[in-house]
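Okay, structure first, notes after.
Throughout, read-outs are computed from the coordinates displayed, never taken from laboratory work. Since the model is a prediction, treat every value here as computed from it, not as a measurement. Neighbour counts are summed over all protein chains in view; Cβ atoms, including those assigned to glycine, are modelled from backbone coordinates with ideal geometry.
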Amino acid sequence: MTTDLTGRRVLAVVTTYGVEQDELVVPLEHLRSAGAHVDVAAPSKDTVQTLVGDKDPGRSVEADLALADVDLDSYDLLLVPGGTLNADSLRLEEKAVAAVTTFARSGRPVAAICHGPWLVVEAGLASGKTLTSYPSLQTDVRNAGGTWQDQSVVSDPTDGWTLVTSRTPDDLDDFLREVDAALAAR
């Protein structure tokens, strides 16, 4: 059964190269088919080249907006796909870090998968949170004050905002179930 997300707005933040294909494309298609409006924002409004397994070229996706042009207040949930190259570059983008901070401080949910939680760590928001990620990030999460768990999905509503995290594309069904729940609760 698909959750009706009509009227909900989601912002996906990415770089233009290195996003793990299924961690962007599958949530985009799922959320849009459920009625949500989803915008993809990148440092520049260019073509986003996804990768499969961090190495093989994947589908291209057009960025709807440049990060500098995003009105963060008009979205209900922030989506942070992974991909090692994407996530590592994204955490150096001030506007992306500011987006995570803005969503958390306003009590709106953030959903990050695979290496995407690096952005949460970079924003200083992992402390006190329980989350999961690609296993190689567990030390970063712990060093940032978070509790890392090896689960397909973790949804943590502490500190007044919900953080939904998953490990890999293999966890997308569980991840999207919790993303739907976080959006439906808004």
Legend entry - Whole-angstrom gap from region 103-117 to region 139-186, using each part's C-alpha centre: 8
Inset, instruction - For region 9-184, give the magnitude of the charge dipole about the Cα centre (Cβ charges: +1 Lys/Arg, -1 Asp/Glu; no others), in debye to the nearest 20. - result: 320
Inset, instruction - Obtain the nm distance between the two label points defined at Ser44 and Asp88 by a simple spin-label model: each point lies 7 Å from its Cα along the Cα-to-C-beta direction. - result: 2.1
Inset, instruction - Please give the net charge around Lys45, taking every other residue with its beta carbon less than 10 angstrom from that of Lys45, where Lys and Arg add +1 and Asp and Glu add -1. - result: -4
Legend entry - Residues Asp170 and Asp69, FRET efficiency given R0 of 35 Å [Cβ-Cβ distance, rounded to 0.05]: 0.55
Inset, instruction - Only Cα pairs under 8 Å and at least 6 apart count here; give the relative contact order of region 9-184 as a rounded whole percent. - result: 19
Inset, instruction - For an R0 of 22 angstrom, estimate the FRET efficiency from the Cβ-Cβ distance between Ala185 and Gln151 and round to the nearest 0.05. - result: 0.60
Inset, instruction - Match the structure shown to one of the listed values (i) 20, 19, 17; (ii) 43, 28, 11; (iii) 26, 18, 16 of semi-axes √(5λ) of the Cα gyration tensor in Å, computed from it, and give that label. - result: (i)
Inset, instruction - For region 9-184, give the share of DSSP beta bridges that are antiparallel, in percent and rounded to the nearest 5; count only bridges with both residues there. - result: 30
Inset, instruction - Between Ala98 and Tyr17, with labels modelled 7 Å along Cα→Cβ, what's the label distance in nm to one decimal, could you check? - result: 2.5
Legend entry - Highest to lowest packing among 81-90, 111-120, 20-29, 172-181, scored as the average C-beta count within 10 Å: 111-120, 81-90, 20-29, 172-181
